[in-house]
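As structure tokens, the structure follows; a few thoughts come after it.
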Amino acid sequence: MSEEKHHHHLFHHHKEEENPADAVVYTETTYAGDSFGGYGESTTEVISEPPPIDTHDYEKEEKHHKNLEHLGELGAAAAGVYALHEKHKANKDPEHAHKHKIEEEVAAAVAVGAGGYAFHEHHEKKEAKEEDEEAHGKKHHHLF
């Protein structure tokens, strides 16, 4: 009595959720006994493909963070100009000076926040650039 292994890939239908199109299906059927009275055992195993190699577009991400950094810089500059404008109005219009001073303080706070946002996006841009370099095999030599 010999033991033979057969690999069949036909007629094994699975639902799309259970067996994605990129999965590998491995089926093994083992027969034991003589050619007429043997029995068979069939096992099916679905092996998923490994995830694709890094397809992330780091250059696009870097450009995105650069644009957001510039937007934060623009917001900081605009809020700073508005704060100076309100300070000037407070000096020119003593009747409404309190209102202009409050608006100046609010604009100054917005300018600081926008500057912080620009600083944050600057670091995000640097991280995206470093990830791009690491993904493409460029080495960093950090001395400290």
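Where a number appears in this text, it was derived from the coordinates with a stated rule and is not lab data. What you see is a predicted model; the values in this text were computed from it and never measured. No Cβ is skipped: glycine too gets one built from the backbone with ideal geometry, and neighbour counts run over all protein chains shown.
Observations
- Stokes-Einstein D (µm²/s) once Rh is taken as the Kirkwood radius of the stretch 61-135 over alpha-carbon pairs, at 25 °C in 0.890 mPa s: 181 µm²/s
- Averaging 1/r across all pairs of distinct Cα atoms in the stretch 95-137 and inverting the result yields a Kirkwood radius of 12.9 Å.
- Separation of the Ala135 and Val81 label points, Cα + 7 Å toward Cβ, nm: 3.6 nm
- Charge sum, other residues only, whose C-beta stays under 12 Å from Glu61's C-beta, Lys/Arg counted +1 and Asp/Glu -1: -3
- Inter-label distance for Ala109 and Lys63, nm, one decimal - labels placed 7 Å from Cα along Cα-to-Cβ: 3.8 nm
- Per-peptide packing, taken as the mean over residues of other Cβ atoms within 10 Å, places 82-92, 128-138 in the sequence 82-92, 128-138 from highest down.
- Added length on full extension, which subtracts the Cα-Cα distance from 0.36 nm per residue, Leu74 to Lys101: 7.5 nm
- Taken one residue at a time, the phi angles of the stretch 103-119 give Karplus couplings (6.51, -1.76, 1.60, θ = phi - 60°) of 5, 5, 5, 5, 5, 5, 5, 5, 5, 5, x, 5, x, x, 5, 4, 4 Hz. Gly and Pro are set to x.
- Other residues whose C-beta falls under 15 angstrom from the C-beta of Lys87 contribute a net charge of -1, scoring Lys and Arg +1 and Asp and Glu -1.
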